[in-house]
Amino acid sequence: KNFIWTFMCICLSLIATKSLSQFQPRLPEGQQVPCFFIFGDSLVDNGNNNGILTLARANYRPYGIDFPQGATGRFTNGRTYVDALAQLLGFRAYIPPYSRARGLDLLRGANFASGAAGIRQETGSNLGAHTSMDEQVTNFGNAVQQMRRFFRGDNDSMNSYLNKCIYYSGMASNDYLNNYFMTDFYSTNAQYTPKAFASALLQAYARQLTQLHSLGARKVIVAAVGQIGCIPYELARFNGNNSRCNDKINDAIIYFNSGLKQLVQNFNGGQLPGSKFVYLDFYQSSEDLAANGKSYDKGCCGVGKNNGQITCLPLQQPCEERGKYLFWDAFHPTEMANILLAKESYTSQSYTSPINIQQLAML
């Protein structure tokens with residue numbers, strides 16, 4: 001009996017030691033990376049703003065009219081870009097918002113994005129509460145601390161796990177929409193030239209992305225800012241003579257995008273050891289979608305000229321042929337546009353540099 005008891009104790013000890021030092025959750029069949037973490041604004045927010053005091057909310061119909069769970073807080077009619085990308089990466093369920101992700105859920109990833117959020121802390125405050133990029137990075141740090149208990153203090157295994165995940169960050173749209181070009185509410189336009197403002201944003205963003213790297217991010221997608229000067233919201237306010245879009249806004253964004261592409265090259269050139277960053281060109285993709293005949297001038301639902309004065313009203317009846325529209329409302333793309341971009345950026349290098357997202361996942 002003593003021998004059997006001793007043998008059982010040794011076996012249990014070995015099992016426990018192995019589970020403490022080599023905890024690696026099994027990857028479901030077909031899933032290419034263990035987890036997917038998302039940072040951004042309303043383009044990818046999937047419900048983090050639902051419970052806070054803000055005008056930047058979308059947890060009501062007709063938002064989600066084409067989504068299986070209905071109005072979840074996604075700022076579109078169906079799937080967001082990261083929803084479609086998660087499916088291409090083999091995830092069987094959508095990545096949960098951080099506001100609802102707990103415990104083992106975090107090991108599959110979490111979405112930290114928040115409508116109205118920006119790189120700068122003050123950005124989006126005109127719309128109410130939100131979670132800025134600095135706060136999203138802090139939340140990710142808290143999530144990492146929560147996940148540590150599953151690895152029982154084995155930092156090597158923990159870091160190895162996080163290094164294999166995909167990270168997406170799409171920021172700065174609101175730094176222009178709800179900051180720099182909102183001169184009645186913010187003073188940044190008077191303080192900075194467009195080039196200087198882009199430089200200030202990039203300096204802060206580089207710090208934030210470096211923090212993500214220090215927390216374990218190695219395979220990172222960073223999205224450029226789209227053609228904000230051409231969205232229905234801006235078209236409803238612009239009275240230019242020689243251009244359909246507001247080139248003043250687009251020209252300012254080009255400073256940021258070109259600097260962001262250079263930042264990615266610097267990170268990949270050894271500035272952040274062991275990392276691989278992919279630059280995702282939302283600016284070019286939106287231009288190409290418009291050129292391919294999709295309705296670009298107005299949103300599928302909204303109020304006023306181009307359906308661009310304000311976003312969809314509660315229970316408003318949207319357009320019926322949503323597959324023909326690039327924009328769902330005054331600001332946000334339709335599910336169709338999100339899916340097209342996800343497929344293109346996953347399998348080709350039309351909008352990604354230096355590699356596509358499928359190649360990033362395989363690293």
**Prompt:** Which residue, Asn178, Asn338, Asn189, has the most motion in a Gaussian network model of the chain that connects Cα atoms within less than 10 Å?
**Reply:** Asn189
**Request:** Quick one: which residues, 5+ away or cross-chain, put their amide H under 5 Å from the amide H of Gly302? H built at 1.01 Å from N.
**Result:** Leu313
**Request:** Obtain the nm distance between the two label points defined at Tyr192 and Gln358 by a simple spin-label model: each point lies 7 Å from its Cα along the Cα-to-C-beta direction.
**Result:** 3.8 nm
**Message:** Charges on Cβ only, +1 for Lys and Arg, -1 for Asp and Glu, centred on the Cα centroid of the chain; of Phe327, Ile221, Asn307, which one is farthest towards the dipole's positive end?
**Reply:** Ile221
**Asked** Dipole magnitude of the range 144-214 about its Cα centre, charges +1 at Lys/Arg Cβ and -1 at Asp/Glu Cβ only, in debye to the nearest 20?
**Response** 260 debye
**Asked** Can you work out ³J(HN,Hα) from phi for every residue in the range 132-142, in order, using Karplus 6.51 cos²θ - 1.76 cosθ + 1.60 and θ = phi - 60°, giving whole Hz and x for Gly and Pro?
**Response** 5, 4, 4, 6, 5, 5, 4, 4, 5, x, 5
**Item:** Extension reserve of the Asp247-Gln284 stretch, reckoned as 0.36 nm per residue once the Cα distance is removed
**Value:** 11.9 nm
**Asked** Based on DSSP, what percent of beta bridges with both residues in the chain are antiparallel, to the nearest 5?
**Response** 20 percent
**Prompt:** Using a probe of 1.4 angstrom, how much of the accessible area of the chain is carbon and sulfur, in percent?
**Reply:** 52 percent
**Complete:** Sorted list, accessible surface of protein heavy atoms, 1.4 Å probe, largest first, for Leu88, Leu260 is Leu88, Leu260
**Asked** Rounded to the nearest 20 Debye, what is the dipole magnitude of the chain about its Cα centre when Lys and Arg each give +1 and Asp and Glu each give -1 at the C-beta?
**Response** 1080 debye
**Complete:** Within the under-13-Å Cβ sphere about Asp175, not counting Asp175, Lys/Arg +1 and Asp/Glu -1 give a net charge of -2
**Message:** Taking amide H atoms as placed 1.01 Å from N in the peptide plane, list the residues 5 or more away in sequence, or in a different chain, whose amide H sits under 5 Å from that of Ile221.
**Reply:** Tyr167, Tyr168, Ser169, Val278
**Simple spin-label estimate for Leu313 and Gln211 in nanometres, 7 Å along Cα-Cβ** = 4.0 nm
**Message:** Per-residue counts of other Cβ atoms within 10 Å, averaged by peptide: what ranking do you get for 39-47, 283-291, 124-132, highest first?
**Reply:** 39-47, 124-132, 283-291
**Dipole-positive endmost among Ile119, Gln211, Ala58 within the chain (Cβ charges, Cα centre)** = Gln211
**Request:** Can you sort Met171, Met336 by 1.4 Å-probe accessible area, starting with the largest?
**Result:** Met336, Met171
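The values are calculated or read from the model by the stated rules, or taken from the named source; none is laboratory data. All values reported here derive from a predicted model rather than from experimental measurement. Positions of Cβ are backbone-derived with ideal geometry, glycine not excepted, and every protein chain shown enters the neighbour counts. Surface accessibility is based on the protein's heavy atoms, side chains included, excluding ligands, DNA and RNA. Shrake-Rupley method; radii C 1.70, N 1.55, O 1.52, S 1.80 Å.
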